[in-house]
Each structure stands twice: as structure tokens, then as C-alpha cells.
Amino acid sequence: MSRMRALLRRRPEILLSPLVFVLFVAGWEAAVRGFGIPAIVIPSPSAVLRALVGGILSGELVEHFWVTSAEVILGFTAGASIGFVLGVLVGLFPLLERTIYPYIVAFQTLPKVAIAPIIVIWFGYGIESKIVITATIAFFPVLANTIVGLRAVPRDQVELMVAFTASRWQIFRMARLPQALPYVFVGLDVAIVLAVIGAIVGEFVGSQAGLGYLILQRNFHMDMAGVFAILIILSLMGIGLHLLVNAVQRRVVFWIGSTHDRVMGA
Amino acid sequence: MGTEARTVLPAEAPALSGLPALITARALNKVYRTQTGEDVVALRDVGFEMRAGEFVTVVGPSGCGKSTLLKILAGILARSSGSVTLAGRPIEGPSRDVGVVFQAPVLLPWRNVLQNVMLPIDIQKRPRAEAEARARALLRLVGLSGFETKYPGELSGGMQQRVGITRALVHDPALLLMDEPFGALDAMTREQMNLELLRIWTESRKTVMLVTHSIPEAIFLADRVIVMSPRPGRITDILDVDLPRPRDLAMINSARFGEHVARIRAHFQSLGALDA
Ligand SMILES: Nc1ncnc2c1ncn2[C@@H]1O[C@H](COP(=O)(O)OP(=O)(O)OP(=O)(O)O)[C@@H](O)[C@H]1O
Ligand SMILES: [Mg+2]
């Protein structure tokens, strides 16, 4: 019991964080009931929960969940891979950066939402167009961070490699690339969250399945509780993917933050 | 400096040791162009010779161009003018047969201690098995056995520096260039490492150039001490150390040793230099 108390004194958020959630949900429920807010404006938490459980049990949410997940994961993988490979090429050949980077930036400033309808026309209403949209959104943060990361190698590391007669390629493989990995993961973390947005935007523009498609359907039928249930699934999906990227990061970039001792006062 | 042009010495050293002068520097100048566009003269008219098998130390106040000189000899920094030759050939790039210790440890944080020590072997694609045995032996020598699988982030500054020293020795180079290798060590460890380095040098007949801030260390180790002064960095004296070998720590208290210290110190006092 005293152990528990000590733990709470050290990390009060363990108790405070769930408490905030409980208070928020309780307040929400009370407000909806107390003020008699109609369910088509704001549904009560209990109605959302019913819609969530019902949707999962009937299999409807599960089915659309898998469609969106596939779009996110395939689009993210494609976009991140292209971003990384392009970043590496740019890092290897500075001339390439000066030549094509302005065009990449120009493409990036183009709102993807605006080109989504074109992509749907080109690639159809199926999963393919969503993968393409997701990939175009996910690729830039990975590209930009890979380029920055490859430049981040300290001068003395390069001097060290050169002193031992390393070739350009060896310097790249043994120093610059590992040095860039922490940056690449920052890019991946941003990209995975953008990938979820990309898939939903694609589904909004034109689709026959997926959680974005389902949101439009339920919106049309004024099923607010059902929409909120999907939002919960989407945010859980985002959190799950973010944690996944972080878990991979900790394994790959193991030398960063390996110590548990915090700097005092920091 | 580009990595394309480089003189690669033959891996086997005997050709070197037969030559009278392994390194010759003549009228060597180095000017750095700073980011604000000014020129900093780091080396002015530096000239000296180093015979194969010789142990030369370099002392001088901070900023007098010691690291600059070492980097030029290591073939990682281009000189501005003058000539430097290694085994008769102009230095246009790094050589396989040179081991370098930098002023900072410069370890790769994603490689463990053993992997860091093996870096030159990996780069130069030398046979690993033999080198790894040598790496482990050298780590034991510098008091780091048991730390082979630790990562640089888990080591103290002095331990990291010792890993850097081991890395410079692992491919058994004929020429060793060391930039304040013992700067981060406590006095006791430092003396031990001095003796250990002398032992390695005696056994393997390497040619060593070692930069230090410590006048006694410079004398204790060296056949000759190059004394430098700053602004612009130049050689003010080259001192022959006539103390007998093998050296032991008791010699530090000898009268002859004291005379050498006094002579070098006099140079610094005339400069009004703060350190050394
Ligand atoms: N990359 C650089 N760009 C511009 N100036 C430099 C650069 N590196 C060194 N210098 C200048 O050249 C001079 C010599 O520097 P160097 O590092 O060789 O000194 P040092 O003798 O090794 O000093 P210390 O004992 O402090 O290590 C200094 O005045 C320094 O400011
Ligand atoms: Mg220096």
C-alpha cells in the first residue's frame, strides 16, 4: 500500500490522467442528459459506446477498419520507402538535390486534398487510389528528414573515417546513414499520422468501403453516435501506429536515450 | 580534402623503416578561411624531419596549430603551401599504414567498444579473426577488458579516449599520429598509459608523433620534442631528449629531465602563454 503511495507521489499522472478522462466523460454524459441535447447534435458517451460495441459485434466496423488499415499501411509503406530512397539518392548526389528539390517542394505545397479527386479518377474508387493519396502525403516528411539526417554527420566523424582511408560509399554506409536514422524516424512518425488522414481524405472523395466511407454514410443518416464510434477507432488506430513506429525506433536507433538517468533540472 | 586522390602505402612496413626520413615537412603553411571571410594562419613556415622509428612529441600552447599539423600529416587536411612527404611521396591523402588518435574520442555511438576498435579493419577490409584477437588484447592493455560489448554512451570520457587509442593501434600501423591522447585521463592512468605506449613502441618499432599539453609527458616519451608557438603557429625549438632508454618514472626527478623542462618552459614564458 505504501509502495503504491510512493509510486503515485513520483508519477501522479498515473492517477490524474484516467481521472481527467472519467470526469470528462461523466460531465459530457450529464450535460447531454441534463440539457436534453438531441442525439443528432451531440450523442451521449453511452450511445457512442453502444454504437461502438454494436458495430464491432455486427462486423461492420471491423470490415471497414481493415479496408482503411490496408490503405494506411500500404500507402505509408510505399510513400515512406520512396521518400527514404529519394532522400538517400539526394544525400549521395548533391547535384540531384539542387536539380529536383525545387520541384519536390513545389509538389509538396500543392494541397493533396485538392488533387485527391484527380487521383480517384485516375486510379478508380477502389483501394488503389487511397494508397496513392496516402503515399503522396506520407512521403515528404520522410524525404525531408532523411536529407537533413544525412547532413547531420559531425565533421570529426567524417575526418575519422577518411583518416582510416574510408571510401565515399563507406563513409555513407558506416557514418552518415546510421547518423541519419534518428531523423528518419522523426519523419516516419509524422508520416504515419498523415497516412491515416490521407486514407480518410481519399475515402471522402470517392470510395465504396473504409471508415471514411462509413463516416459519410452515417453522417447522411444523422447517426452521430455511429460517427463518434468511428472517430474513436480512428484515434486508436493512430495511437497504435504511432506506438508501433516508436517500438521499431527503439530497436533500430537503440543508442539514443539508452540511459534511464535523467539530467537533473532538465 | 577529397577522398579520391590518396597515396596508399603498402600494408607491409619494411620499406619504410629502411628510409632515413619517414616524414619531411618543408616550408609548410596552412591558412584557414573562416566563415566571416578572414584568414587565420594556423601554420607558418613549418619544417622538420622524422626518422622511421622515431618518437617525436609536439608541445605548444592552445591554438598554435598542433592539431592542424597532425591532420595534414594524416592526409585529411590539405596544406596551403609547402611540401610534406611520407616515405618520399607527397601526402595527398590518408594512408592505410597510419593510425590516428583524435583530440576528441570520436566513437561511433551505434558501434560497441569492440566494433569501434575494429573500425579500421572493417574500412580496410583486413582479415578479421586475427585483428579481433589483437583488438581484445589491446583493450585488456588499456584496462578495458570486460567492456567489449558496452556502447560509447555508457563509458566515461577517459574510457572513450582509451577506446580511440586502441582503435588507432588495431591495424598495427607503422606511423602513429596521436593528438593529446591522454588528455582526458587522470594522472595515474596517464603515467601507466605512457609506459604502455613506450612498451608498444619499443616492441613494434613504430614511428610516433604525439601532441600533448604536458611538458613532462612530452619529454618523458620523446626522442625529440617539437616546441611550437602560436599566432602564427610555428616551430620555435626542436629539442633532443638525451635521456637513456628504456625510461622509467624515476627519471622524471633527474636533474637532466629538469633541465629539459626548464628549457621548454622558458620558451613559453617568453611568449607569456597561459597554459602548458
Ligand atoms: N576549421 C577551422 N577553421 C578556421 N580556423 C581554424 C579551424 N581549425 C583550426 N583553426 C584555427 O587554427 C589555429 C590552430 O588550431 P589547432 O586546432 O591546430 O590548434 P591546437 O594547437 O591543436 O590547439 P589545442 O591545443 O587547443 O588543441 C587556431 O587559431 C584555430 O582558431
Ligand atoms: Mg588541438
Requested in this report: Only helices (runs of 4 or more DSSP H) wholly contained in segment A:1-102 count here; list those with 3 or more residues that are assigned by TED's automatic domain parsing to the domain that holds A:Met222.
Outcome: A:45-58, A:60-92
Query raised in the report: Restricting the search to segment B:45-68, which residues are away from chain A (no Cβ under 14 Å) and within 11 Å of ligand 1 (Cβ to nearest atom)?
Result: B:Val58, B:Val59, B:Gly60, B:Pro61, B:Ser62, B:Gly63, B:Cys64, B:Gly65, B:Lys66
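Can you name every residue in segment B:69-108 that is among the polar types (S, T, N, Q) and within 13 Å of ligand 1 (Cβ to nearest atom)? Step through it out loud before you land on a result.
Filtering segment B:69-108 for residues among the polar types (S, T, N, Q) gives B:80-81, B:83, B:85, B:95, B:103.
Across segment B:69-108, the qualifying residues are B:Ser80, B:Gln103.
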Query raised in the report: Between a first residue in segment B:102-124 that is on the phi > 0 side of the Ramachandran plot and touching a residue at least 12 places away in the same chain (Cβ under 8 Å) and a second residue that is among the hydroxyl-bearing types (Ser, Thr, Tyr) and within 16 Å of ligand 1 (Cβ to nearest atom), which pairs have beta carbons less than 8 Å apart while being 6 or more apart in sequence or on different chains?
Result: none
Query raised in the report: helices (runs of 4 or more DSSP H) wholly in segment A:110-180 with at least 2 residues that are more than 11 Å from chain B (Cβ to nearest Cβ) - which ones?
Result: A:112-123, A:127-151
Report summary line: Filter segment B:85-101 for residues that are β-branched (Val, Ile, Thr) and either closer than 13 Å to A:Glu159 by Cα or without any contact (Cβ under 8 Å) to a residue 40 or more places away in the chain (or both); the one that is surrounded by the fewest Cβ atoms within 10 Å (Cβ to Cβ) is B:Val101
Query raised in the report: Which pairs have Cβ atoms under 8 Å, sit 6 or more apart or on different chains, and link a residue in segment B:199-218 that is part of a loop (DSSP other than H, G, I, E, B) to one that is β-branched (Val, Ile, Thr) and surrounded by 21 or more Cβ atoms within 10 Å (Cβ to Cβ)?
Result: B:His213/B:Val59; B:Ser214/B:Val59
**Report entry** Members of segment B:192-207 found to be buried (at least 17 other Cβ atoms within 10 Å of the Cβ), farther than 12 Å from B:Ile165 by Cβ and touching a helix residue (DSSP H, G or I) at 6+ places or on another chain (Cβ under 8 Å), listed by number
**Finding:** B:Leu198, B:Lys206, B:Thr207
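The values are calculated or read from the model by the stated rules, or taken from the named source; none is laboratory data. Bear in mind that the values here come from a model prediction, so they are computed numbers and not experimental data. Cβ sites come from the backbone with ideal geometry, for glycine too, and all protein chains shown count toward neighbours.
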